[in-house]
Structure formats: C-alpha cells, structure tokens
1. I want to check the label-to-label distance for I165 and T238. Put each point 7 Å from Cα in the C-beta direction and report it in nm to one decimal.
2. Post the alpha-carbon centroid distance, the stretch 188-232 to the stretch 59-78, in whole angstrom.
3. For the stretch 164-243, calculate the relative contact order in percent as a whole number, restricting contacts to Cα pairs under 8 Å that are 6 or more residues apart.
4. Whole-Hz ³J(HN,Hα) for each residue in the stretch 96-110, computed from phi via Karplus 6.51 cos²θ - 1.76 cosθ + 1.60 with θ = phi - 60°, x for glycine and proline: what do you get?
5. Ranking request for peptides 130-137, 213-220: highest mean number of other beta-carbon atoms within 10 Å first, then the rest in descending order.
6. List every residue whose amide H lies under 5 Å from the amide H of T79, counting only residues 5 or more places away in sequence or on a different chain, with H placed 1.01 Å from N in the peptide plane.
7. R124: accessible area at probe 1.4 Å, nearest 10 Å²?
8. Averaged per residue, what accessible area in Å² does the stretch 172-221 show with a 1.4 Å probe, protein chains only?
Amino acid sequence: MWLYLAKRTALAAAIIVVAVTLLFLMIQAVPGDPAAVLLGPRATPELKAQLHEQMGLDKPLPVQIVSFFGGLLHGNLGTDVFTQRPVSAIVFEQLPYTIELILVSIAWAVFIGVPLGCYSAMHRNSVIDKLVGVFAVGTIAIPSFVMAIYALLIFSVGLRWLPAIGAGSGFRGGLVHLILPAFVIGIGWVGYISRIVRASMLEILGENHIRMARSFGLSERRIVARYALPLAILPTVTIIGVGMAHLLSAAVFVEVVFARPGIGALIVKAVDSRNYPIVMGTVLVTTVLFVISTTLADLVNAALDPRIRENL
C-alpha cells in the first residue's frame, strides 16, 4: 500500500505541473491587455509599462512560467494588483466556503443516492425502481445554473422558506444559507449515484460468491450490506473523485447566482478584471483540489480492492 501511495503521489505531482503549465499558457492567450483593463482611463504607456513590470508580463513566457513555479516552491502565489495583498491569503479566505459547499452537497447526495441505488437493484423493474430511474435522468439533465435559478424563485422568492443570497453568519446562519446551494448542486448527483450503484449492484448480485452466500442461507440484507455493497461502491468512489471538476464548475454558477463568497465567485471576478495573479492562484488551488480528490478516490479503491494495487 505504501508503494502504491508513493506512485500515486508522484503521478499527482506530475499532473499538477502539466495542468498548471497548460492553464498558464491558456490564460496568457486570453485577448486583451490586463494593464489596460486594470488601469482604465489612466492607461498611459508609462503606467502600462510599470504595471507590466510589476505583474512580470514584460518577461518572455518561459521566464514567467519558471518564475511562477519558483514562487510556488516558496509558497508564494503572487500579489494582488488591486489590494497588494498576497494571493494565497485572498484565495484561502474564500476556499473554505467552496469546500463546505461541495462537501455538504456530495455528502447528502451519497446519503440518499446509495440507498436508492441498492433498493432499486434489490427490487428490479418495480414501480419504485422505474420512478427512481425517471428522477435520475431528469435531475442529471438539468444544468446546475437552471436548477439554481428555479430553486431561488421557488424556495426563496415564492415560499420564502430559505434565504436567497449570502453565506450567513454564525453556525445556524451559515447552515441555513447553505441548504439551498447544496441542494442545487447535490440533486443531480443523487440520481447519478443511484444509477451507478444500481448498475454495479446488479452485476455483483449475479456473481458466484453471492450465489454461494445465498446457498448458506444468509439473509438478502446481510448479503447486500456485507458482500455486495463494498464492491458496488467502488465505481461510485471513483466517479465522486473524478467528478470534483464538475462539482467545482457547478459551485462557480451557484456561488454567482446565490451571491455566496467562494473560490468560484473569486475566479469570475478575477477573469473579468484580468487579474492574472488571482486567476493563476485560484486555478492552481482548484487543480490541486481535483488531483487530490482523484488520488484519494484511487487510494480508497485500493484499500477496498487489493487487485487495484497490484495493477499499478
């Protein structure tokens, strides 16, 4: 297991380097001069040159990349050109809001989706199985921003059950403001997870070791809980890890619609103002989150299924 962990860590580090380099090149290719956008009417050639030098944009692209990674080795993500604050401080102020939103969203989706998938597999082609299937397809097909707008109109504007914007203050206020955004992100994953668990469970319930367990007179619930579910959950763990990119993109729309603080709203503002240091800092953090989530998913799968460790 330790050898597997070392290999996955090395692979994760390589992925981060390649991904950040590609994203750095893509950001540089965005049309428009960031100095002109930042300075506005004051964008004289002298001020532009000064700001280019401050942001490091006057150097060749390879030098900018090397300088950026050199700063990363010292924990330096750059300086915000507006506030002159460290980018790391700004990013990590907003990051907890996004992480709690994603964790709560996926937690309640797993809590509902896994039992639904198990029940559908155990009662194949029943009325509830068909209803769960319709629900899953319907929720997966609706984009997050559309779900967010309608949820806002129904539960906040129409029924006035939940607050519309902001993150609240204190534990109770934060929890109340988190319900609607977490519902919007997680509802599609309930259907997605239930379909994956159902398909995986049906395949495993037909295997020989399950038939043998039935022949020994074990109850169906015990067979499902002890022998089938630990194997059926493996694809779900993988999908959740890989789906971190989808969760982060959904969080961007949800944070904008609900006017919540977070890494998504920070990215939108930074891209709009061509604030390169903030853009690179947020992109780096989201890339690291994605790589960490996929690595953790692989480690969980390897812990549950030793065959995975042997194949790497």
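1. Going by the 7 Å Cα→Cβ label model, 4.3 nm.
2. First find each Cα centre; the distance between them is then 50 Å.
3. Values: 36 pairs, mean separation 20.6, N = 80.
Rounded, it is 26 percent for the stretch 164-243.
4. Running phi through 6.51 cos²θ - 1.76 cosθ + 1.60 with θ = phi - 60° gives x, 5, 5, 5, 5, 5, 5, 5, 5, 4, 6, 5, 6, 5, 5 Hz.
5. Details: 130-137: 15.2, 213-220: 11.2.
Answer by packing, highest mean first, reads 130-137, 213-220.
6. Amide H to amide H, under 5 Å and 5 or more residues apart or across chains, T79 pairs with V87.
7. For R124, solvent-accessible area is about 150 Å².
8. 50
The values are calculated or read from the model by the stated rules, or taken from the named source; none is laboratory data. These numbers were taken from a predicted model, which means no experiment stands behind them. Cβ atoms come from the backbone with ideal geometry, glycine included; neighbour counts cover every protein chain shown. Just the protein is used for accessible areas: all its heavy atoms, side chains included, with ligands, DNA and RNA removed. Shrake-Rupley method; radii C 1.70, N 1.55, O 1.52, S 1.80 Å.
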